[in-house]
Amino acid sequence: MEAKIYNQKGEDAGKISLPEKVFGLSWNADLVHQVVTSQMSNKRSNNAHTKDRSEVRGGGKKPWKQKGTGQARHGSIRSPIWVGGGVTHGPRNERNITKKINKKMGIKALFSVLSKKYKDGEVFFIDSIKIPEIKTKKAAEIVLALSKIKGLEKIKKAYKPKANIAFYGKDEKAFKSFKNIPSVYLSDIKHLNTLDAINFKNLIIVDPEKSVEFLVKKMSK
């Protein structure tokens, strides 16, 4: 398996041989769905919380006597049927919504997504992206140049991310320069997961030799 490598000007810069075990797997929809839903659940903040009758204020004494008033009997204004009373079966923040993802499952799901994206022509390799100083203008020029590559045309004027640019390590100047460009999302290949890979149509891998080598080693760990 071979793929083209481009430079930051959008020009051909060589080829790279890709490992079958990373970019040649068959699509496993069930596994990917399981991992993605688990990751989405783990990202949720469990803030919704209602008070039950033991937590609301008031209710220290019986509202009125049991008999002789002509009204229904009540023992406490904390009852759920009273305004300001406790909530029955409401959401509680003690609920554990995290889901465990087996390490090998997560890696295999990621590689399944990478393989599908590669087969669909949605994975691109850039030899390097160098920005000497923090400049949004320079980052915009790079995006414009990359949009000349077939398949990346939409990153030119998109108002939401159309491509995930995965660097090998975090380049502070590049990350800050691309920060105000809405058409791309920046990540680190070392922290790339299934959700990040599937959330964006295109994946641009920077420094492909080191990045692919890291992905191969990831499976053997």
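Values computed for the structure shown
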item: Residue in segment 147-163 that is more than 19 Å from K9 (Cβ to Cβ), in contact with a helix residue (DSSP H, G or I) (Cβ under 6 Å, 6 or more places away or on another chain), of a type outside the set (S, T, N, Q) and buried (at least 17 other Cβ atoms within 10 Å of the Cβ) present; result: yes
item: Any pair with Cβ under 7 angstrom, 6 or more apart, that starts in segment 116-133 at a residue that is farther than 13 Å from I189 by Cβ and without any contact (Cβ under 8 Å) to a residue 12 or more places away in the chain and ends at one that is open to solvent by 60 Å² or more (accessible area, probe 1.4 Å) and of a type outside the set (V, I, T); result: none
item: Sole residue being modelled with pLDDT of 90 or more and over 18 Å from A139 (Cβ atoms), chosen from S177, S220, S211; result: S211
item: Any hit, segment 180-194, residues being polar (S, T, N, Q), closer than 30 Å to S26 by Cβ and open to solvent by 20 Å² or more (accessible area, probe 1.4 Å); result: yes
item: For A166: the one exception among (1) more than 18 Å from E11 (Cβ to Cβ); (2) open to solvent by 30 Å² or more (accessible area, probe 1.4 Å); (3) not aromatic (F, W, Y); result: (2)
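The values are calculated or read from the model by the stated rules, or taken from the named source; none is laboratory data. Everything numeric here is computed off the predicted structure, so don't read it as measured data. Using ideal geometry, Cβ is built from the backbone for each residue, glycine included, and neighbour counts are taken over all protein chains shown. In case anyone asks, the SASA skips ligands and DNA or RNA and just uses the protein heavy atoms, side chains included. Shrake-Rupley method; radii C 1.70, N 1.55, O 1.52, S 1.80 Å.
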